[in-house]
Amino acid sequence: MQTLLPLNFVPRTPPASFWQPVSAKTDLPPVTTTPEVAAALSRDCVVAVGVSGGKDSVACALATARYLDEIGHTGPRVLIHSDLGRVEWRDSLPSCERLAHALGWELLVVTRQAGDMLARWEGRWQNNVKRYADLACVKLILPWSTPSMRFCTSELKVAIISSALRKRWPTQEIVNVSGIRRQESAARSKMPVSVRMPKLCRKGAEGLSWHPIIEWKVQEVFGAIADAGLQLHEAYTRYGMSRVSCAFCIMSSAADLEASVSCIDNQPVYLQMVELEAASTFGFQSGRWLADVAPHLLSTDLQAKVERAKLAAAEREALEARLPAHLLYTGGLPTAVPTFDEATLVGQIRRRVAELVGIEVRYLHAAEIRDRYAELLDRREEHAPNSLVIV
């Protein structure tokens, strides 16, 4: 097997198999398709490959371009990159531009008009504070995305990309391509090769999501990039990242967070994110605070804020654990009205949480808390009249 990948292209402490990329020209597997994808491509549909600058999206674009040439596809082809703003690596857009130049494809760059990823987290926190103040939620809600609630992907990538593609090609069939691979995670190992994409579908114009390199191994990904003569993203080559997404991602390993913060370009947004941790009392990842990744970068004032936030977080979690389970909200609304004693407890917890976080809240007394629960239950009753439980 021909070795094509220089050692400095390899992420820090990789498994032994990582060091042996295969040749894209001779040994790479074919792309994986479905009858639905094949039919769409035969009709010369629009093919849009989502690219982040990371290895999988680059290899996916290369493999897709090669396959389209092989089958004689003559429809529109485009790379599309959703720029997440301050949380992006400096080399992400240039990496996408290098790929576009190599393929001779157009690169569309889209952004969220209401602000970047960090602005979305900051705005979410302000909205959640308002919701808590109005007892529209009984527990304070974190600002961050989570593995089970990845609005960073759904809102700032899928929704924006789908909208941009439909505006560009309002009446044409579109296949949206991404570099998901089964090897990446247990969840991705179960993903389909292709699936109908409702956000792309219009009357008379279908939309599909396609994962052509879903069966590829990581060595094959690096091999394809090396064979194409493309420069890898500096996150791999200079900082030893195992994956490229946001500079600080909710899915990142501890090692990747440390590698990312070692890049000077990423340190301003790192400090802004730590400020949000301190203000909200929520660590960036479950059980892990960004503040602990590079405490030497924090000012004395910010270090003190973080320590107070950690203490406040522990007390907040203990307080909220005392809330009776039947008083927690389901689908954003309560399912029962608390007794007077229960409402008194809710008020005591809310008052202390507000003090800990430094926010002002309404509904602190038992009678008004019961009235507020009843008001919100009326909203639930409009949709499911038999779901109420009045205690």
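Just the residues that are more than 16 Å from S57 (Cβ to Cβ), in contact (Cβ under 8 Å) with a residue 24 or more places away in the chain and assigned to a helix (DSSP H, G or I), please, taken from the range 183-215.
Correct list: K199, L200.
Residue by residue through the range 117-139, note down the ones that are of a type in the set (V, I, T) and assigned to a helix (DSSP H, G or I).
Residue satisfying the conditions is V129 alone.
Pull up the range 89-133, narrow it to residues that are modelled with pLDDT under 95 and surrounded by fewer than 16 Cβ atoms within 10 Å (Cβ to Cβ), then point me to the one that is farthest from G358 (Cα to Cα).
T111
Between L142, L165, which is crowded, with 18+ Cβ neighbours inside 10 Å, hydrophobic (A, V, I, L, M, F, W, C), touching a residue at least 40 places away in the same chain (Cβ under 8 Å) and not in a helix (DSSP H, G or I)?
Selected residue: L142, the only one of L142, L165 that is crowded, with 18+ Cβ neighbours inside 10 Å, hydrophobic (A, V, I, L, M, F, W, C), touching a residue at least 40 places away in the same chain (Cβ under 8 Å) and not in a helix (DSSP H, G or I).
Within the range 60-88, restricting attention to residues that are small (G, A, S) and within 22 Å of V110 (Cβ to Cβ), which residue is surrounded by the fewest Cβ atoms within 10 Å (Cβ to Cβ)?
So the residue we want is G85.
Given the criterion touching a Lys or Arg at 6+ places or on another chain (Cβ under 8 Å), closer than 30 Å to S260 by Cα, surrounded by 12 or more Cβ atoms within 10 Å (Cβ to Cβ) and touching a residue at least 60 places away in the same chain (Cβ under 8 Å), identify the matching residue among V353, V361, V357.
After ruling out the rest, the residue left standing is V357.
Pairs, please: C-beta under 6 Å, at least 6 apart or cross-chain, first residue on the phi > 0 side of the Ramachandran plot and in the range 68-86, second acidic (D, E)?
Hits for this filter: G85/D116.
Can you name the number of the only condition in (1) at positive phi; (2) touching a residue at least 40 places away in the same chain (Cβ under 8 Å) that G287 fails?
Among (1) at positive phi; (2) touching a residue at least 40 places away in the same chain (Cβ under 8 Å), G287 violates only (2).
From the set of residues in the range 41-59 that are assigned to a loop (DSSP other than H, G, I, E, B) and touching a strand residue (DSSP E or B) at 6+ places or on another chain (Cβ under 8 Å), which is surrounded by the most Cβ atoms within 10 Å (Cβ to Cβ)?
V51
Which one of these is out of contact with any strand residue (DSSP E or B) (no Cβ under 6 Å at 6 or more places or on another chain) and modelled with pLDDT under 95: G358, G331?
Only one candidate qualifies: G331.
Give the range 188-227 a look and list any residue that's over 14 Å from N176 (Cβ atoms) and touching a Phe, Trp or Tyr at 6+ places or on another chain (Cβ under 9 Å), or say none.
Once the filter is applied, which keeps residues that are over 14 Å from N176 (Cβ atoms) and touching a Phe, Trp or Tyr at 6+ places or on another chain (Cβ under 9 Å), the range 188-227 yields V218, Q219, F222, A224, I225, A226.
On the given criteria, is S252 in contact with a strand residue (DSSP E or B) (Cβ under 7 Å, 6 or more places away or on another chain), surrounded by 21 or more Cβ atoms within 10 Å (Cβ to Cβ) and outside any helix (DSSP H, G or I)?
no
Does I160 meet the test of being out of contact with any Asp or Glu (no Cβ under 9 Å at 6 or more places or on another chain), in contact (Cβ under 8 Å) with a residue 24 or more places away in the chain and surrounded by 15 or more Cβ atoms within 10 Å (Cβ to Cβ)?
yes
If you scan the range 101-131, which residues turn out to be touching a residue at least 60 places away in the same chain (Cβ under 8 Å) and among the β-branched types (V, I, T)?
V129
What residue, among those in the range 168-190 that are among the hydrophobic types (A, V, I, L, M, F, W, C) and modelled with pLDDT of 95 or more, is surrounded by the fewest Cβ atoms within 10 Å (Cβ to Cβ)?
Result: W169.
The values are calculated or read from the model by the stated rules, or taken from the named source; none is laboratory data. Just so it is clear, the structure is predicted and the values come from calculations on it, not from any experiment. A quick note on method: Cβ atoms are made from the backbone with ideal geometry, for glycine too, and the neighbour counts reach across all protein chains shown.
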